[in-house]
Amino acid sequence: MNPTRRLLTLLPLAGMLPALAPGAAAPLVLPLWPEGVPAARRADAPAARGDLGPERVEASGSISNVSVPTLTVVPPAVDRPNGTAVILCPGGGYRVLSANREGTQYAAWLSTLGITTFILKSRLQEWGHPAPLQDVLRAVRLVRSRAVEFGVDPKRIGVMGSSAGGHLAASASTLFDHADGRTGAALDDTSARPDFAVLVYPVIAMTAPAAHAGSRRALLGNTPSPALLTQMSVEQQVTAATPPTLLLHTQGDKTVPVQNSLLYFDALTRAGVPAELYVFEQGGHGIAMRDGLGNASAWPRRAEDWLRQRGLLTQESVR
């Protein structure tokens, strides 16, 4: 078993981060909105009725009913910081956050590559659009504005997401300057454009036949307008300014069809955006970092190769 995968098997199943060694400092958790969470939410969302209730954390580590968005900082391995940062967007259909499998686990792996990781706990269906978009763009702005403090390069801040988290990461990649992602805060003046993106079995389309109906309903409600469906079908929002992107999917995904990644890759290619796409034969949806799925289990190696080829794993002194 390779050292990275062995490390991941030792992580506990519950909680946002690995268990701390005796005397170790608690992880740094940053509130995204210390000045107050924006009120903008979908009119038919539960939060608009004032009955949100407490946040819920399941034994599996999944989180729901988020009302206080945060970033949990996972530092790079002590001997190999390279100045690259990744904001992680866990999946869960915009209903829950798969914070362990697609958050903590990925962060532990990225740490071994020298990357500083920020696990995003974003608002979900209880708020609806534009809350998740506001949260991910605020995350990019916050990390960029405090890059020196975190020891990262403000020009090497990427996003990575799985499933609905992939849609959120792709939304950041295409709607980074959209009015829906601005709140009037001073940080709005800081660029929210990610410098690269890694999308793992992502939701992309919000219209048939490729749409994941559950994610669309949780994010946009039962009767979204045609204009909103177009806006949030992010393959239709790709431009030459969209950052370089790696896409990973499986042909056997019956939940989020591989056509989502194919549509996005085609849009990136037409816009002249550097992109790579891996489609693996085996594995269904939500493969995370499991063994036994043929070549699909090796996707972290393909991702590492892509990051290295783009110069994102070279050590860099950050002023």
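The values are calculated or read from the model by the stated rules, or taken from the named source; none is laboratory data. Just so you know, these numbers come straight off a predicted model, no measurement behind them. We place every Cβ from the backbone using ideal geometry, glycine too, and count neighbours over all the protein chains shown.
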Inset, instruction - Considering each of Ala205, Ala271 in turn, give the residue that is modelled with pLDDT of 95 or more and either crowded, with 17+ Cβ neighbours inside 10 Å or touching a helix residue (DSSP H, G or I) at 6+ places or on another chain (Cβ under 8 Å) (or both). - result: Ala205
Inset, instruction - Could you grab the pairs with beta carbons closer than 8 Å, sequence gap of 6+ or different chains, first residue in segment 229-244 and at pLDDT 95 or above, second one outside any loop (DSSP other than H, G, I, E, B) and of a type in the set (Val, Ile, Thr)? - result: Val234/Thr174; Gln236/Thr230; Gln237/Thr174; Val238/Thr174; Thr239/Thr174; Thr242/Thr174
Legend entry - Pair list, Cβ < 6 Å and 6+ apart or interchain, from segment 258-285 residues that are of a type in the set (Phe, Trp, Tyr) to residues that are at pLDDT 95 or above: Tyr264/Ile204; Tyr264/Glu235; Phe265/Leu247; Phe265/Ala275; Phe265/Leu277; Tyr278/Leu248; Tyr278/Arg302; Phe280/Thr250
Inset, instruction - For segment 208-216, state whether one or more residues are closer than 25 Å to Ala43 by Cα and among the charged types (D, E, K, R). - result: yes
Inset, instruction - Could you please tell me which pairs satisfy a Cβ distance under 7 Å, a separation of 6+ or placement on different chains, a first residue in segment 100-114 that is touching a residue at least 40 places away in the same chain (Cβ under 8 Å), and a second residue that is of a type in the set (D, E, K, R) and part of a helix (DSSP H, G or I)? - result: Leu113/Glu304
Legend entry - Subset of segment 195-228 (residues that are more than 13 Å from Gln259 (Cα to Cα), among the β-branched types (Val, Ile, Thr) and without any contact (Cβ under 8 Å) to a residue 60 or more places away in the chain): Thr223
Legend entry - Matching residues in segment 195-233 - criterion: being under 28 Å from Lys155 (Cβ atoms) and touching a Pro at 6+ places or on another chain (Cβ under 9 Å): Asp195, Phe196, Ala197, Met232
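Consider Leu120 carefully, then state whether it is touching an Asp or Glu at 6+ places or on another chain (Cβ under 7 Å), outside any helix (DSSP H, G or I) and either modelled with pLDDT of 95 or more or not polar (S, T, N, Q) (or both). Give the steps one after another, and end with the answer.
Working: touching an Asp or Glu at 6+ places or on another chain (Cβ under 7 Å): yes; outside any helix (DSSP H, G or I): yes; either modelled with pLDDT of 95 or more or not polar (S, T, N, Q) (or both): yes.
So Leu120 fits the description; yes.
Where residues in segment 32-48 are within 16 Å of Ala218 (Cβ to Cβ) and either of a type in the set (D, E, K, R) or surrounded by 11 or more Cβ atoms within 10 Å (Cβ to Cβ) (or both), which of them is modelled with the lowest pLDDT? Even if it seems obvious, please write down each step before you answer.
Of segment 32-48, the ones within 16 Å of Ala218 (Cβ to Cβ) are 41-48.
Remaining after also requiring either of a type in the set (D, E, K, R) or surrounded by 11 or more Cβ atoms within 10 Å (Cβ to Cβ) (or both): 41-42, 44-48.
Values: Arg41: 81, Arg42: 84, Asp44: 82, Ala45: 82, Pro46: 77, Ala47: 74, Ala48: 64.
The extreme case among them is Ala48.
Here is a yes/no grid of residues against (1) modelled with pLDDT under 95; (2) part of a loop (DSSP other than H, G, I, E, B); (3) buried (at least 24 other Cβ atoms within 10 Å of the Cβ):
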position	(1), (2), (3)
Ser67	yes, yes, no
Asp79	yes, yes, no
Val86	no, no, yes
Tyr94	no, yes, yes
Arg101	yes, no, no
Ser111	no, no, no
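With in contact with a Gly (Cβ under 9 Å, 6 or more places away or on another chain) and of a type in the set (Val, Ile, Thr) as the only criterion, which of Val73, Val68, Val57, Val148 stands out? Walk me through how you get there before you give the answer.
Numbers: Val73 fails: in contact with a Gly (Cβ under 9 Å, 6 or more places away or on another chain); Val68 fails: in contact with a Gly (Cβ under 9 Å, 6 or more places away or on another chain); Val148 fails: in contact with a Gly (Cβ under 9 Å, 6 or more places away or on another chain).
None of the other options fit; the residue is Val57.
Might you check whether a residue that is in a loop (DSSP other than H, G, I, E, B) and either of a type in the set (Asp, Glu) or in contact with a Leu (Cβ under 7 Å, 6 or more places away or on another chain) (or both) occurs anywhere in segment 261-275?
First, pick out the residues of segment 261-275 that are in a loop (DSSP other than H, G, I, E, B): 271-274.
Now narrow it down to the ones that are either of a type in the set (Asp, Glu) or in contact with a Leu (Cβ under 7 Å, 6 or more places away or on another chain) (or both): none.
The answer is no, given that none of the residues of segment 261-275 is in a loop (DSSP other than H, G, I, E, B) and either of a type in the set (Asp, Glu) or in contact with a Leu (Cβ under 7 Å, 6 or more places away or on another chain) (or both).
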